[in-house]
Amino acid sequence: MIRFDHVFKQYPNGREALHDVSFEVKAGEFVFLTGRSGAGKSSVLKLLTLIERPTRGTVTVNGQETSTLPARAIPAYRRRLGIVFQDHQLLMDRPVYDNVALPLMVSDTRFRDIDKRVRAALDQVGLLGKERVSPAELSIGEQQRIGIARAVVARPTVLIADEPTGNLDHGLAREVMNLFRRFQDVGVTVLIATHDMALVREFAQREILIDDGRVFSATPPDPGSGASPTSGMGVVA
Amino acid sequence: MISPGTYFSRHAQALLSAFGRLIRQPLGTLLTIFVIAIALALPSTLWLVVKNARIAAGDVTDSIELSIFFKTDVPLEKAEQLTAAARQRPGVGEVTLIPADDALEEFRRYSGFGAALDALQGNPLPHVIIVRPDTAYANPQGVESLKRYLSAWPEVETVQFDGEWVRRLTAILDLLRNVFAVFAVVLGVGVLAVVGNAIRLEIRARRSEIEVTKLVGGTNAFVRRPFLFEGVIFGLFGGAAAVGVVSLAVASLIEPVGRLAALYGGRFALTGLEPLEALVLIFGGSLLGVLGAWLGAARLIARIEARG
């Protein structure tokens, strides 16, 4: 599902963010990408979301080699990913509904289906009934849940989260992680970048440790792990 | 493949979104529309000046006429035949034959030389025809072509026409038309710049929203769409406001211009924008608006990339 093959990433300022990084995440797996700040986690996520391209090596997602993907194909590629940000990246001047509906609005989804799926996604994250509320009126935890609902509303096969619990207290962080676990249960591949080691230990999932741009430990995926690959996310009906 | 219903609903939504954005910034929106209205009203006013000048000049050019003097030995029957032939010529509007006897009688009546004329043995005057060109030929080139044609008849002694004033008048009208064209182009470019700049500022203000939209799979076309609709709205309302400004200006001038014309014995009435001209102005404004928005948005939006 996700495969990094001898990936190097050097930025224009000369900084080498990734050095010969190789790992694999199987379909339906739940994997933590860990490491201290500046270790290279964000670079991995940027390569996955095609914000950046590798200097060398190949990144393959859902069987698609991303380094050769033409620019015009990037939007369609991104629509198959669900992305959760540490700082939520919400549109504060739009209600919750519009924020969650955004990935469906940019695709060809019919309005009738959008409504159904937005409500289902909000239900999943416990925010049903707050469609018309501005995100600014909600707590940080609720804002993060809006971000998660937005990430899963288009039924992605891969869910990527960048420090999704970075601004949350431990209770809220556990709540968010449990949400991710529920998505994994229905076949979504989940890759979470975090430096919250307590949480990583608590959830006891496979871990890819990255430091100074190099992968230090990446246990190979257990052939038996992960849910059966599915093309969509069944949770959001 | 996107269904037509979804396609149109996406566009309708982009249009509503554009309206919403503009309504949320009423002052900025009104100022932009005002600037566009002035930029469109200036060439439109000049257009009306040209149009009214042509109408006024048309009254004058109605009096253009050529006098064709036949040789004195041309009999009346021949003059009548040639008069009929002249009527068939393209470009000829009206032909009047003045037989030599009628001319002499008239001269006798008004000149006061009756006794002197009685002393003459015969009629020294030739038959004359007066030719008025039709509207298409009431210009220096048309009149010149008629003059050449009529002068070539062997029975004609001379063709008289003082065309210098027609040439001058036409040159003035041509100059006004050119000034209008220059104004229209310069101010059209101005509208493009105004709309393009307004849209660029809007895009810069919404940069983070664009980044998020792209990160969840929004295409450049999707992001661009509401901004293009904003351009259309700016142009549409700017054009409509320009029609209003020009109509008000014309309405305020109709009475004094009519009074001035009356002082010169004319019945000239100032003409405003025709409905079709008003529509051209409004839709032309929209076209400039969408073009300006495209110029302002296309490259800038393509350059904005998600940062994650």
**Prompt:** Given +1 on the Cβ of Lys and Arg, -1 on the Cβ of Asp and Glu, and no further charges, what dipole in debye does the protein assembly as shown carry about its Cα centre, rounded to the nearest 20?
**Reply:** 2220
**Item:** Area hidden from solvent between A and B (accessible, protein heavy atoms only, 1.4 Å, total, Å²)
**Value:** 2000
**Request:** Have a look at B:F268, A:F183, A:Q143 and report the one farthest towards the positive end of the charge dipole of the protein assembly as shown, computed about the Cα centre with Cβ charges (Lys/Arg +1, Asp/Glu -1).
**Result:** A:F183
**Message:** Of all beta bridges DSSP finds with both residues in the protein assembly as shown, what is the antiparallel percent, to the nearest 5?
**Reply:** 65
**Prompt:** Under 26 Å Cα-Cα from B:K147, which lysines qualify once same-chain neighbours fewer than 8 residues away are excluded?
**Reply:** B:K71, B:K78
**Request:** Within region B:158-187, which residues have the backbone N less than 17 Å from the label spot 7 Å out from B:Q141 along Cα→beta-carbon, could you tell me?
**Result:** B:166-178
**Message:** Could you compute the longest span of chain B free of trypsin sites (Lys or Arg not before Pro) located in DSSP loops and having at most 16 other Cβ atoms within 10 Å, not counting the site residues?
**Reply:** B:72-266
**Item:** Residue-wise HN-Hα coupling along region A:73-85, computed from phi with Karplus coefficients 6.51, -1.76, 1.60 (Hz; x: Gly, Pro)
**Value:** 8, 5, x, 5, 4, 5, 5, 8, 9, x, 10, 10, 9
**Complete:** In order over region A:46-60: 3J(HN,Hα) from phi, Karplus 6.51/-1.76/1.60, θ = phi - 60°, whole Hz, x for each Gly or Pro, gives 5, 6, 5, 8, 6, 6, 10, 10, x, 6, 8, x, 10, 10, 10
**Item:** Charge dipole magnitude, Cβ of K and R +1, D and E -1 - region A:109-154, Cα centre, debye nearest 20
**Value:** 200
**Prompt:** Under a plain spin-label model, where a point goes 7 Å from the Cα along Cα-to-Cβ, how far apart in nm are B:I130 and B:L76?
**Reply:** 1.9
**Request:** Quick one: what are the phi-derived ³J(HN,Hα) couplings along region A:136-150, Karplus 6.51/-1.76/1.60 with θ = phi - 60°, whole Hz, x for glycine and proline?
**Result:** 5, 8, 9, 6, 4, x, 5, 4, 5, 5, 4, x, 5, 4, 5
**Message:** At 222 nm, what value in deg cm²/dmol follows for the protein assembly as shown if DSSP H runs of at least 4 each add -39500 (n - 2.57) and the sum is divided by all its residues, to the nearest 500?
**Reply:** -18500 deg cm²/dmol
**Asked** Just going by the charge dipole of chain B, with Lys and Arg at +1 and Asp and Glu at -1 on Cβ, which of B:L82, B:L42, B:T213 is farthest out on the positive end?
**Response** B:T213
**Request:** Quick one: which residues, 5 or more positions from B:V92 or on another chain, have an amide H under 5 Å from its amide H? H modelled 1.01 Å from N in the peptide plane, none for Pro or chain starts.
**Result:** B:D134
**Message:** Given a 1.4 angstrom probe, what's the average accessible area per residue across chain A, in square angstrom?
**Reply:** 41
**Asked** Where does helix A:111-124 land angle-wise versus the long Cα axis of chain A, in degrees 0 to 90, nearest 10?
**Response** 70
**Asked** Mind checking the dipole of region B:65-162: about its Cα centre, +1 per Lys or Arg Cβ, -1 per Asp or Glu Cβ, Debye to the nearest 20?
**Response** 260
**Complete:** Tilt, helix A:170-185 to longest principal axis of chain A (alpha-carbon atoms), in degrees rounded to tens, equals 80
**Complete:** Counting sequence-distant residues (5 or more places) and residues on other chains, those with an amide H built under 5 Å from that of A:R214 are A:H19
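The values are calculated or read from the model by the stated rules, or taken from the named source; none is laboratory data. Computed from a predicted model, the values in this text were never measured in an experiment. Because the Cβ atoms are built from the backbone with ideal geometry, glycine has one as well, and the counts that use them run over all protein chains shown. Note: areas computed on protein heavy atoms with side chains; ligands, DNA, RNA excluded. Shrake-Rupley method; radii C 1.70, N 1.55, O 1.52, S 1.80 Å.
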